[in-house]
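Before any comments, here is the structure.
The values are calculated or read from the model by the stated rules, or taken from the named source; none is laboratory data. Predicted, not measured: the structure shown is a model, and the values here were computed from it. No Cβ is skipped: glycine too gets one built from the backbone with ideal geometry, and neighbour counts run over all protein chains shown. Calculation scope for accessible area: heavy atoms of the full protein, side chains included, ligands and nucleic acids excluded. Shrake-Rupley method; radii C 1.70, N 1.55, O 1.52, S 1.80 Å.
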Amino acid sequence: AMSGSSQRFITVALGKGDKPYLNKVLSTCLCTHAIIALIVFLIAETIGLWFLIEKLVIPDGRMTAAMIVYQCSVITSVVQIMSYPYNATIIAHEDMSAFAYISIYEALANLGIAFFIKIGTYDRLSLYAIALLLVKVSVILVYRIYCKCHYFKESIKRVFDKILVKEMFSFTGWNLWGGL
């Protein structure tokens, strides 16, 4: 929902042709997603970790693998949340070829993971989680580099506009309500 909101506000800013407003929207999107990622991380590392250790029934000798998978999943989720403003920027610019190429790269990398796991000798579950994390991190780096080279020629000035955040969350809330 926040990704859709970010895309909508970036598209509106592009339509206005107002560079300072676009900078404010991009910066606010990045800050908002960073805050959401931090909240997800804190909840996962407190409540989620407690649930994993105390409540889940995990076979003997598999707790290390479960912990590796859990930590990789948490970091992957945070990385995924942080990539949404870049996805939204590419879609708002209607640069679907870049979006398609990056998606193809991600799909091929995931296929590579499947082949890598088949020949790997380490714990396959842990190997899968670590490899998936590396793919997600590489994908967000590709998004960031692409956006930096094509859209953010000047560096984004860090701005956190509380009014804009309120509008974005309001739009997100109505979007979620409509989806429900």
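Here residue 162 is the anchor, and the lysines within straight C-alpha reach of less than 28 Å, apart from those fewer than 8 places off in the same chain, are 16, 19, 24, 148, 153.
Against the chain, whose longest principal axis is taken from its Cα atoms, helix 162-179 shows a tilt of about 60°.
Computed over the chain with a Gaussian network model linking Cα atoms closer than 10 Å, the most mobile of 28, 76, 46 is 46. Mind checking which of 135, 74, 57 has the largest fluctuation in a GNM of the chain, springs on alpha carbons under 10 Å? Evaluated over the chain, the most mobile residue of the options is 57. Comparing 104, 91, 75 in a Gaussian network model of the chain where C-alpha atoms under 10 Å apart are linked, the largest mean-square fluctuation is found at 104. The residues 33, 93, sorted by heavy-atom accessible surface at 1.4 Å with ligands and nucleic acids left out, run 93, 33 from largest to smallest. Using just its DSSP H runs of length 4 or more, each adding -39500 (n - 2.57), the chain gives a mean residue ellipticity at 222 nm of -27000 deg cm²/dmol after division by all residues.
With a simple spin-label model that places each label point 7 Å from the Cα along the Cα-to-Cβ direction, the separation between residue 117 and residue 18 comes to 4.8 nm. For the Cα atoms of the chain, what angle does the longest principal axis make with the long axis of helix 124-150, in degrees from 0 to 90, nearest 10? Relative to the chain, helix 124-150 is tipped by roughly 20 degrees. Positive end of the charge dipole of the chain (Lys, Arg +1 and Asp, Glu -1 on Cβ, about the Cα centre): tell me which of 147, 174, 22 has its Cα farthest that way. So the residue we want is 22. If you sort 168, 96, 2 by accessible surface, 1.4 Å probe, largest first, the order is 96, 2, 168. Computed from Cα atoms, the angle from the helix 2-16 axis to the main principal axis of the chain rounds to 30 degrees. Taking the accessible area of the chain, probe 1.4 Å, and keeping the other protein chains in place, the carbon and sulfur fraction comes to 69%.
Protein-only accessible surface at a 1.4 angstrom probe places the residues 72, 149, 31 in the order 149, 31, 72, largest first. Would you mind counting up the charge near residue 69? Only other residues with Cβ under 13 Å from its Cβ, with Lys and Arg at +1 and Asp and Glu at -1. Counting the neighbours of residue 69, the net charge comes to +1. Solvent-accessible area per residue in the chain equals 60 Å², computed with a 1.4 angstrom probe and all protein chains kept.
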